[in-house]
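Visitor: Just passing along the structure, written as structure tokens.
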Amino acid sequence: MRKLFFAAAMLLLSQAGFGQAVNDQAIIPVSVTLNSILRLTVVSGGNIDFVVNTIGQYTSGINTGGNDARYQTNFTVSASQDFDVTIRAEDANFLGQDNAANTMPLNNVGLDLSESGSGNDPANWALPAAVLALTNGAQNIVTGVAGAAAGGADKNNFTIRWRLGTSEGAMNASSLLAQSLTPDRYITNVFLELVPK
């Protein structure tokens, strides 16, 4: 019996020595590429043209209360990260086209913003609370909230409502009439810039 027990124990020990499991593995590389999406699209109102031809417009300016599409610029933002939108004029003044010596201060033109997408102010971004005057220094018109501004055009849909000579907010306090500006066609380019955070 002892011999049988010893033989069984030897058999088990010999099996344990040769029965080790085989360790097999494979390596699978996994990568993720995030392409940046930063797109600002002017949907309508890419050319704003104020025509002043009455004393009332010289005195009170032109402001339709945001109800006239001629004085609105609709734009959308599609962004894969949080963003700000800035606005600035190319020149220090509006420049006369009939006579290059004629200039008109930029702050005769003002703007405010409204939104019509699924996002809202102040949860996703902050819009100006008052009328801004046009300047040639960049100023934020949409300030994205960290972790909440990114999204598509259906969320980030904005309308700039332009006005001229109304002396609202930071605009020129003097009327166009009081400034006695030389009649001319005054022009400057205005840049909207999408800035990632």
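The values are calculated or read from the model by the stated rules, or taken from the named source; none is laboratory data. From a predicted model like this one, the values you see are computed outputs, not experimental measurements. Every residue, glycine as well, gets a Cβ built from its backbone with ideal geometry; the counts of neighbours run over all protein chains shown. When the accessible area is computed, the model is the full protein with side chains, heavy atoms only, and any ligands, DNA or RNA have been set aside. Shrake-Rupley method; radii C 1.70, N 1.55, O 1.52, S 1.80 Å.
Visitor: Test of understanding: among A133, A92, which residue is touching a strand residue (DSSP E or B) at 6+ places or on another chain (Cβ under 6 Å) and either closer than 29 Å to L181 by Cα or of a type in the set (S, T, N, Q) (or both)?
Guide: A133
Visitor: Sticking with this structure for a sec: Considering only the range 22-70, how many residues are touching an Asp or Glu at 6+ places or on another chain (Cβ under 8 Å) and open to solvent by 80 Å² or more (accessible area, probe 1.4 Å)?
Guide: 1
Visitor: Within 16 Å of T76 (Cβ to Cβ) and either touching a residue at least 24 places away in the same chain (Cβ under 8 Å) or hydrophobic (A, V, I, L, M, F, W, C) (or both): is that true of N140 in this structure?
Guide: Working: within 16 Å of T76 (Cβ to Cβ): no; either touching a residue at least 24 places away in the same chain (Cβ under 8 Å) or hydrophobic (A, V, I, L, M, F, W, C) (or both): yes.
No; evaluated as a whole, the condition is false for this residue.
Visitor: Scan (1) open to solvent by 50 Å² or more (accessible area, probe 1.4 Å); (2) in a strand (DSSP E or B) for the single condition R163 breaks and write down its number.
Guide: (1)
Visitor: Looking at the range 78-94, I want the residues that are part of a strand (DSSP E or B) and have a partner that is of a type in the set (K, R) and surrounded by fewer than 18 Cβ atoms within 10 Å (Cβ to Cβ) with Cβ atoms under 7 Å, at least 6 apart or on another chain. Which pairs are those?
Guide: Close Cβ pairs satisfying both conditions: S78/R39; F83/K197; D84/K197.
Visitor: Scan the range 171-197 for residues that are of a type outside the set (V, I, T), touching a Leu at 6+ places or on another chain (Cβ under 7 Å) and surrounded by fewer than 16 Cβ atoms within 10 Å (Cβ to Cβ) and jot them down. Please lay out each step first, then the result.
Guide: Step one: of the range 171-197, the residues of a type outside the set (V, I, T) are 171-181, 183-186, 189, 191-194, 196-197.
The next check asks that each one be touching a Leu at 6+ places or on another chain (Cβ under 7 Å); those that pass are 186, 192, 194, 196.
Residue satisfying the conditions is P196 alone.
Visitor: Sort out which residues of the range 111-145 are part of a strand (DSSP E or B) and either more than 19 Å from the chain's Cα centre (by Cα) or hydroxyl-bearing (S, T, Y) (or both), and write them in order of number. Walk me through how you get there before you give the answer.
Guide: Start the filter on the range 111-145 by keeping residues that are part of a strand (DSSP E or B), which leaves 111-115, 125-126, 132-133, 139-144.
Across the range 111-145, the qualifying residues are S114, T143.
Visitor: Since P128 meets every condition but one in (1) open to solvent by 40 Å² or more (accessible area, probe 1.4 Å); (2) touching an Asp or Glu at 6+ places or on another chain (Cβ under 9 Å), which condition does it not meet?
Guide: (1)
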